[in-house]
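Take a look at the structure set out below.
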Amino acid sequence: MKKSGYSRKGLFGTIIHYDENGKKIGESRPGFFGGMNNYDANGNKVGYSNEGFFGGVNHYDKNGKKIGHSSKGFFGGVNHYDKNGKKTGHSNKGFFGGVNHYDD
C-alpha cells in the first residue's frame, strides 16, 4: 500500500489534488448541475464525477465513458475501483486535514 497523493479543499467547493511529492496534479470543481468536473494541472478538463444511483460516485472521462467508481469502505474511508470492478486503491481522511490517497 503506497501513498499516491492527497487532496485538500480550495475555495468555492474546489478540491485540489497533489501527487505524493506535493506537486499539484489537478483539481475538481463543482458542476453546474451537480457532481464535479475534473481538470489536470494545466486546467484541461479530463472528466467528471457524479453520485451513483445506488450510492457511491461514478467517474467518467471527458467523452462520457465510465472509467470507474468509488464507494464507502466498511471501516471508513473510500474504496476506488476501475470500470471492471477491480479495486485500485483507497482514500482516508488525513491526520491534519485533507484526504490521503493510496494505491492497492
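The values are calculated or read from the model by the stated rules, or taken from the named source; none is laboratory data. Everything numeric here is computed off the predicted structure, so don't read it as measured data. Every residue, glycine as well, gets a Cβ built from its backbone with ideal geometry; the counts of neighbours run over all protein chains shown. Note: accessible area is taken over every heavy atom of the protein model, side chains too, but ligands, DNA and RNA are not part of it. Shrake-Rupley method; radii C 1.70, N 1.55, O 1.52, S 1.80 Å.
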Return the distance in nm (one decimal) between the two label points of a simple spin-label model at Asn84 and Arg8, each offset 7 Å from Cα along Cα→Cβ.
3.7
Taking segment 15-70, the lysine pairs whose C-alpha atoms sit under 23 Å apart (8 or more places apart or on different chains) add up to 7
Considering only C-alpha atoms, what is the centroid distance from segment 23-71 to segment 81-103, in Å?
15
What are the aspartates and glutamates whose alpha-carbon lies under 15 Å from the alpha-carbon of Lys3, with same-chain residues fewer than 8 places away excluded?
Asp19, Glu20, Asp103, Asp104
Provide the net charge surrounding Ala41, with neighbours chosen by a C-beta distance below 10 Å and charges set as Lys +1, Arg +1, Asp -1, Glu -1.
-1
So what is the accessible area of the chain per residue, in Å², with the probe set to 1.4 Å?
72
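Could you give the dipole magnitude of the chain about its Cα centre, charging the beta-carbon of Lys and Arg +1 and that of Asp and Glu -1, in debye to the nearest 20?
40
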Using 0.36 nm times the number of residues separating Lys66 and Lys23, minus their current alpha carbon distance, what extension gain do you get?
12.8 nm
